[in-house]
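Visitor: This is the structure, below, for whatever I ask next.
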Amino acid sequence: MPDDHRYTIRVEPKGLVSKKGQLFLTPSSDPIECLVVDLSAGGACLEMSTQLQLPGRFEFRHGGLRRYCRLTWRRGFRFGIKFDGSRHMSTGPLSRPSAFRPSRFR
């Protein structure tokens, strides 16, 4: 087995998986469209049509889910991200899940 630092295998999105994603750089920013080049459980390789200065942390949306992520590398228009934490359903840009959990017993 080659000495590779990648812990998960990345695959090119196929079938009904959208190749488009959105980045939200701040809570009040408009979405920035990006192309999903490859995707894994731990991160993704993305491509944008313009070179923008990206912060170290931002929100990535893809397929109705949102993930908080970190910028790990950049080469020209392509860049890699690593996912932080778990997946959340899309509700609003950078809206963190509420600490309130409704009780099962009413």
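The values are calculated or read from the model by the stated rules, or taken from the named source; none is laboratory data. All figures in this text were calculated on a predicted structure; none of them were measured in a lab. In this analysis, Cβ positions are derived from the backbone assuming ideal geometry, glycine residues included, and neighbour counts consider all displayed protein chains.
Visitor: Return the residues of the range 42-53 that are part of a loop (DSSP other than H, G, I, E, B) and either within 11 Å of ILE81 (Cα to Cα) or within 10 Å of the chain's Cα centre (by Cα) (or both); say none if nothing qualifies. Outline the logic, then answer.
Guide: Of the range 42-53, the ones part of a loop (DSSP other than H, G, I, E, B) are 42, 48-53.
The one that is part of a loop (DSSP other than H, G, I, E, B) and either within 11 Å of ILE81 (Cα to Cα) or within 10 Å of the chain's Cα centre (by Cα) (or both): GLY42.
Visitor: I'd like the residue in the range 1-32 that is assigned to a strand (DSSP E or B) and either among the β-branched types (Val, Ile, Thr) or under 16 Å from GLY76 (Cα atoms) (or both) and, out of all such residues, is modelled with the highest pLDDT. I'd like the intermediate steps shown before the answer.
Guide: Going residue by residue through the range 1-32, those that are assigned to a strand (DSSP E or B) are 11, 20-24, 32.
If we keep only those that are either among the β-branched types (Val, Ile, Thr) or under 16 Å from GLY76 (Cα atoms) (or both) as well, we get 11, 32.
Values: VAL11: 59, ILE32: 95.
Going through the qualifying residues, I end up with ILE32.
Visitor: Let me ask something else. Within the range 68-81, which residues are assigned to a strand (DSSP E or B) and surrounded by fewer than 20 Cβ atoms within 10 Å (Cβ to Cβ)? Before the answer, list the steps.
Guide: Here is the first cut: in the range 68-81, the ones assigned to a strand (DSSP E or B) are 68-75, 78-81.
Residues satisfying the conditions are TYR68, ARG70, LEU71, THR72, TRP73, ARG74, ARG75, ARG78, GLY80.
Visitor: Same structure, new question: For the range 54-106, which positions are at pLDDT below 50 and under 14 Å from the mean Cα position of the chain (by Cα)?
Guide: PRO93, LEU94
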